[in-house]
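Reading through the structure tokens given below for one structure.
The values are calculated or read from the model by the stated rules, or taken from the named source; none is laboratory data. On a predicted model such as this, the values are computed, not experimentally measured, just so you know. Here the Cβ positions follow ideal geometry from the backbone for every residue, glycine too, while neighbour counts run over all protein chains shown. What goes into the accessible areas is simple: the full protein's heavy atoms, side chains included, and nothing from ligands, DNA or RNA. Shrake-Rupley method; radii C 1.70, N 1.55, O 1.52, S 1.80 Å.
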Amino acid sequence: MSDCIFCKIIQKEIPSTIVYEDDDMLAFKDIHPAAPVHLLLIPKKHIASLQELSEQDAGLIGKMMLAVPKIAAQNGLQGGFKTHINTGKNGGQEVFHLHIHIMGKPA
Ligand code: 5GP
Ligand code: ZN
């Protein structure tokens, strides 16, 4: 999606501090951290929100959930972390490219 800020981050058209990347997903630091460690994990495929996730994306979202604790641990959150997914306008979503917030305080 040409007008999507997170697609632009994936394409490296907008700078970000990337902490993890593979063929399917990207994790980077939130520009306005709400915790000492605040990361966003996004699929490289443009999916607007959980409401647009389809059966075809089951493998992708599974891989992302499995990556969450690994990315968290690599960023000092071995002791635990919070995850957060805002969905839709009424769910407080501001950027319409699916993202998992990973937040915590290093032990
Ligand atoms: P939402 O409210 O949609 O769940 O969260 C969007 C998040 O994206 C916010 O926490 C916001 O700080 C972050 N964000 C918005 N624009 C940018 C950006 O250009 N770069 C980075 N790194 N984070 C962004
Ligand atoms: Zn996008």
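Give me the extension gain from Asp23 to Ala35: residue separation times 0.36 nm, minus the current Cα-Cα distance, reported in nm with one decimal.
Taking Asp23 through Ala35 to full extension adds about 1.6 nm, to one decimal.
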Once you have the alpha carbon radius of gyration of the chain, what is it after dividing by 2.2 N^0.38 Å, with N set to its residue count? 1.01
Surface accessible to a 1.4 Å probe, per residue, for the residues of the chain, Å²: 59
Sequence gap at least 6, Cα distance under 8 Å: using those rules, report the relative contact order of the range 5-104 to the nearest whole percent. 32
Computed, not fitted: 222 nm per-residue ellipticity of the chain from DSSP H runs ≥ 4 (each -39500 (n - 2.57)), nearest 500, equal to -6500 deg cm²/dmol
If one takes the longest principal axis of the Cα atoms in the chain, at what angle in degrees, from 0 to 90 and to the nearest 10, does the Cα axis of helix 58-74 lie? 30
Which order do Lys8, Lys82, Lys89 take by accessible area at a 1.4 Å probe, largest first? Lys89, Lys82, Lys8
Cα-based Lys pair tally, the chain, threshold under 21 Å, eight or more apart or on separate chains: 21
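Carbon and sulfur together cover what percent of the accessible area of the range 5-104 at a 1.4 Å probe radius?
53
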Take the chain, mark every one of the GluC sites (Glu not before Pro) that falls in a DSSP loop and has at most 10 other Cβ within 10 Å, then report the longest stretch left between them, sites excluded. 14-93
